[in-house]
Every structure is written in C-alpha cells, then in structure tokens.
C-alpha cells in the first residue's frame, strides 16, 4: 500500500526547504523520503494493525519526521512534551494501553496488545500536562486538516515564508503552526532557545524570518527586550494566541506593526477545536484591543445563557459555544474510551463572552476555575486535588500567566516539594504563598476573591 503523507504530499518533489534547525535543513523531497523510510522502520517494530503511540515531540526535524510517519501509517499518536517526567509518561502508557514509545533516541515497544480505537481517531493531546494524567482531547485527521485549511484562508502564509517555530509541538497552537506551514510549502525554522538566549536573537539576525507565533508571555518578554524598536525587515506578520494578552501590550504591538508595515493577528482557540476558532483582523486590533474577533472561515459562534437558551442581544454575556469541522471527536480518559466517539455539534468553551454590534466577540470571564499559564490551561480544582491526594491542603487562584498556590506554614515544606515535582510549569508562572489561614465565605466555602486580593497584595 502506498502511503500518503499529510500536509506535504503536494510538495513531495519540491526542492524548497521544509524544515531547518541549528545543524541542518531538509527539503520537501528529502522530508517525504525520510517520512516513508521512518514509516517502514516503525512497521517492523509493531505486529498489530493500529497501535497507540506516545511521541516525545521535540522542536526538531526528527520529531516532525516521526509525527508525519505516524499520521501516514494512520496510527494513533499521543504527543507529549519531551520534558514530561518519566513517571507521568508511564502513567499515560498504562492508562491508555500504549503500544509504542517513540523519541529521537529510540523506538520502544511497550505492549503487543491491540487497543480498540475509533477509526477516525488520529491524535491525542493532553489537557492536563502540568498536573498529571488527565483526559486527552481526541482529534481526527479531518479535524486537523479542517483547521489547517481555515487558518490558511485568513493568515497570509506564503511558500517563501520562514517561521521561527518556538512553540512546543505537543501544544495545539505549536502543532497548528507546523501543519499550516507544511501545507503551504513554507519553511519551519526550529529552535528551543527562548527570547532570553543569545541564540534566539542570532537566528533573527542571520535568518530572514517572515513570521513569529507566540503566547502572551512570549510577547511580554519581547516587549521587555525592546522588540518594538527593532526593524526586522524580513518579518511580515506575527500572531498571538494561547491566552489573553493585556490590552496595553496589544496596542504596543499593533502600533509597531502599523509603523513598520507588518501585520499583527490576535487569535482565540482551544485544543478542543484543534487550536483556533477566532481571529481579529489586523485593521481592527487597535480599536478593539480586548476582543477575539469573529469565527474562523467555516466556523460559527453562539452565546448561551444559564438555561442553555441562545442570547441574541449585543453586549450581553453568555457562554461562548463554537461549531465547525475542527471540533474534537471528544475526550478520552482511558484506553476503553478510545473505541468510539460521538462528537457534539457545538463545543461549549467554558468561556463567558459577549458580542458587539459589529459581530465581534470579547471574552469577559470563565465559567470554571481555569487559568492559562504560558499558553497551558491549568485547572485550579485539579491542582488542589493533586495536593489533597498527598494530605496537603492548598487553595489555588491567580491570573493568566500567574498561578498562585496558597498553603499554611505547617504544610509549606511538603507543598514546595510536591510543587517542584508535579507542577510542570515555568518557574515564573507559579508561586507558592504562605498564609495564616484561608478566608471563608458565610457558607464555609473558600473565599477565593479575598484570597487572591491578599496574595496579589502580598506580591504587589
């Protein structure tokens, strides 16, 4: 059987550069050949028809070859960040009866027992990588390709583009950057260097990078490094998603884009929608710095009240719901859940939003206790439960890009040890705070508003 390699099949004979890093580059022709060879190698190690595979997704050429080979084979691939602790990897492997573990260094057979999987299932992305093993978002190749095509409809990606790929491939936003550029025949220049590394700026100096993609913290750091004073003549556009960037930063970036004849796109998305659901037209960003804009091509928004009745009035908050071909198959919390999915017509985002007279949406809050820290969704209740399992009482609150974990002095040492071991977030995004006691409401429940005011005052 001849394998079809997603995204790059139409470029299989092209001599344009597809991927590059500090050591080498690879043309589309060479990438296509490498993917087919890797697929043959993988098939030799597995005797079952459609295995479940953990792929440690580095920002590297080798990881992309592995990813495309697994898609071409129509195997089920679970993408994990390469820094995921071994204990968590083993938990994933056990919970989902993973057959194969693939990294840049090795291919490891874990189980020869076949897992019954929905024929549409292609990719599994974790929703709780920071705190342990939780449910995974189940995506089909149709979901991924639909979102890819919609993004290509509104982003000005060209064959000649070079994007600096800094976002993890295990993160839906980073994965969509890769998919869209490959589908267009453009180049992804990989780096695992941060904006604080000289290597990052050396790449911008030596490589004609045409686009950047980042989460709010990425742009906050760029602004601190005086990004808006840089010419960067090759840069045509840059995109932001993965959480809400403060309006004053959006305005600074919008002004920079206008002054230097570039385009700045603000986008909104969730892993459950295969990355992106909305975008703001560059011309509208300065006048509406806090909004998420309109649904992507092929998508549709709706607002629901507390009784799940549609809201048609402008400037009236309700839960934001989305409909489109990129909506996930569903969630999976075990191997058994992989066998069949019943996708919903509408995705309830859990975000509260309102729409203005122009049809532009703005997020005004969240229905559940969720934060986005450096582009990763963090469930505050799940973190509290994680500590409770170790007989530690903590209370969590915070703002986007700052998770605050409160504990009493008596639990401080044990809480700090557990935090460092299990909360896989950048140090700048999480702070353990000591309190004398937890403020309570009249009903005896935790007064999170008072707690956050206390902790933010402490950290002011």
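Residues are listed down the side, and each one gets a yes or a no for (1) within 16 Å of the chain's Cα centre (by Cα); (2) modelled with pLDDT under 90; (3) crowded, with 22+ Cβ neighbours inside 10 Å:
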position: 176; (1), (2), (3): yes, no, yes
position: 180; (1), (2), (3): yes, no, yes
position: 191; (1), (2), (3): no, no, no
position: 194; (1), (2), (3): no, yes, no
position: 200; (1), (2), (3): no, no, no
position: 207; (1), (2), (3): no, no, no
position: 214; (1), (2), (3): yes, no, yes
position: 233; (1), (2), (3): no, no, no
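Checking the structure you have, find out if any residue of the stretch 247-265 is touching a helix residue (DSSP H, G or I) at 6+ places or on another chain (Cβ under 7 Å), surrounded by fewer than 20 Cβ atoms within 10 Å (Cβ to Cβ), over 30 Å from residue 143 (Cα atoms) and modelled with pLDDT of 95 or more. Yes - at least one qualifying residue is present in the stretch 247-265.
Which residues, counting only those in the stretch 417-427, are part of a helix (DSSP H, G or I) and surrounded by 14 or more Cβ atoms within 10 Å (Cβ to Cβ)? If the condition is that a residue be part of a helix (DSSP H, G or I) and surrounded by 14 or more Cβ atoms within 10 Å (Cβ to Cβ), then 418, 419, 422 are the ones that fit.
Please tell me if residue 334 is in the same structural domain as residue 119 (by TED's automatic domain parsing), part of a loop (DSSP other than H, G, I, E, B), farther than 30 Å from residue 254 by Cα and out of contact with any strand residue (DSSP E or B) (no Cβ under 9 Å at 6 or more places or on another chain). It is true that residue 334 is in the same structural domain as residue 119 (by TED's automatic domain parsing), part of a loop (DSSP other than H, G, I, E, B), farther than 30 Å from residue 254 by Cα and out of contact with any strand residue (DSSP E or B) (no Cβ under 9 Å at 6 or more places or on another chain). Screening the candidates 62, 104 for the property of being in a loop (DSSP other than H, G, I, E, B), under 22 Å from the mean Cα position of the chain (by Cα), in the same structural domain as residue 28 (by TED's automatic domain parsing) and free of Cβ contacts under 8 Å to residues at least 60 places away in the same chain yields one hit, 104.
Taken across the stretch 357-376, residues that are touching a strand residue (DSSP E or B) at 6+ places or on another chain (Cβ under 9 Å) and assigned to a helix (DSSP H, G or I) do not occur at all. With respect to being on the phi < 0 side of the Ramachandran plot, buried (at least 22 other Cβ atoms within 10 Å of the Cβ) and assigned to a helix (DSSP H, G or I), residue 170 falls outside the description. Applying the condition of being closer than 22 Å to residue 125 by Cα and buried (at least 21 other Cβ atoms within 10 Å of the Cβ) to the stretch 381-402 and asking which residue is modelled with the lowest pLDDT yields 400. In this structure, is residue 29 crowded, with 16+ Cβ neighbours inside 10 Å, in a helix (DSSP H, G or I) and not assigned by TED's automatic domain parsing to the domain that holds residue 379? Yes. The single condition among (1) outside any loop (DSSP other than H, G, I, E, B); (2) farther than 30 Å from residue 169 by Cβ that residue 386 does not meet is (2).
The values are calculated or read from the model by the stated rules, or taken from the named source; none is laboratory data. Fair warning: this is a prediction, and the values are worked out from it, not measured in the lab. Glycine gets a Cβ as well: all are built from the backbone with ideal geometry, and neighbour counts include every protein chain shown.
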